[in-house]
Amino acid sequence: MDARSTVNGRWAVVLCGLTLLVVACIPAAAQENGKASAGVGIFKSKCVLCHGADGAGNTPLGKQLQAANLHSKEVQKLSDAELRKIVHDGQANMPPFGEQLTDDEIDHVIQYLRGFGKPAKTAKKQ
């Protein structure tokens with residue numbers, strides 16, 4: 001075996017390893033996107049009345065009940081477990097949804113509302 005074959009063999013192994021890593025990560029990313037996508041419909045049917053479509057809580061009822069701004073650092077710093085408990089059990093003026101939503105549905109809503117904490121993409125100037 002010459003040096004060139006050894007180097008080519010090592011590159012092939014490295015390339016295969018990287019390919020496997022990328023392929024393994026795709027389903028996890030797709031699953032997270034799927035959860036967030038599933039959360040949209042649930043959010044629209046259960047949360048929009050108070051939190052608004054944009055999650056800011058600026059609806060008439062949201063203002064009256066002092067609904068949380070889902071963009072806020074206070075909300076976004078909460079762990080998924082803390083958010084799950086709030087959605088399931090309710091908190092302050094927010095009613096509990098534990099009897100209306102499954103655990104999976106609550107997880108979908110949490111993944112969706114995590115998107116409110118991400119900076120908005122701005123259009124590039126041309």
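For G55, indicate whether it is of a type in the set (G, A, S), modelled with pLDDT of 55 or more, under 17 Å from K118 (Cβ atoms) and outside any loop (DSSP other than H, G, I, E, B). Here the answer is no, as G55 does not meet what is asked. Do the conditions hold for A92, that is, is it surrounded by fewer than 19 Cβ atoms within 10 Å (Cβ to Cβ) and at pLDDT below 95? Taking the combined requirement at face value, the residue satisfies it. Residue count for region 74-97 under the criterion of being in a helix (DSSP H, G or I) and either in contact with a Cys (Cβ under 7 Å, 6 or more places away or on another chain) or touching a residue at least 40 places away in the same chain (Cβ under 8 Å) (or both): the result is 2. Quick check on I106: is it touching a helix residue (DSSP H, G or I) at 6+ places or on another chain (Cβ under 6 Å), without any contact (Cβ under 8 Å) to a residue 40 or more places away in the chain and not in a loop (DSSP other than H, G, I, E, B)? Yes, satisfied.
Looking only at region 72-87, residues that are surrounded by 15 or more Cβ atoms within 10 Å (Cβ to Cβ) and in contact with an Asp or Glu (Cβ under 8 Å, 6 or more places away or on another chain) come to 1 in all.
The values are calculated or read from the model by the stated rules, or taken from the named source; none is laboratory data. Small disclaimer: the values here were computed from a predicted structure and weren't measured. Note that each Cβ is placed from the backbone with ideal geometry, even for glycine, and that neighbours are counted across all protein chains shown.
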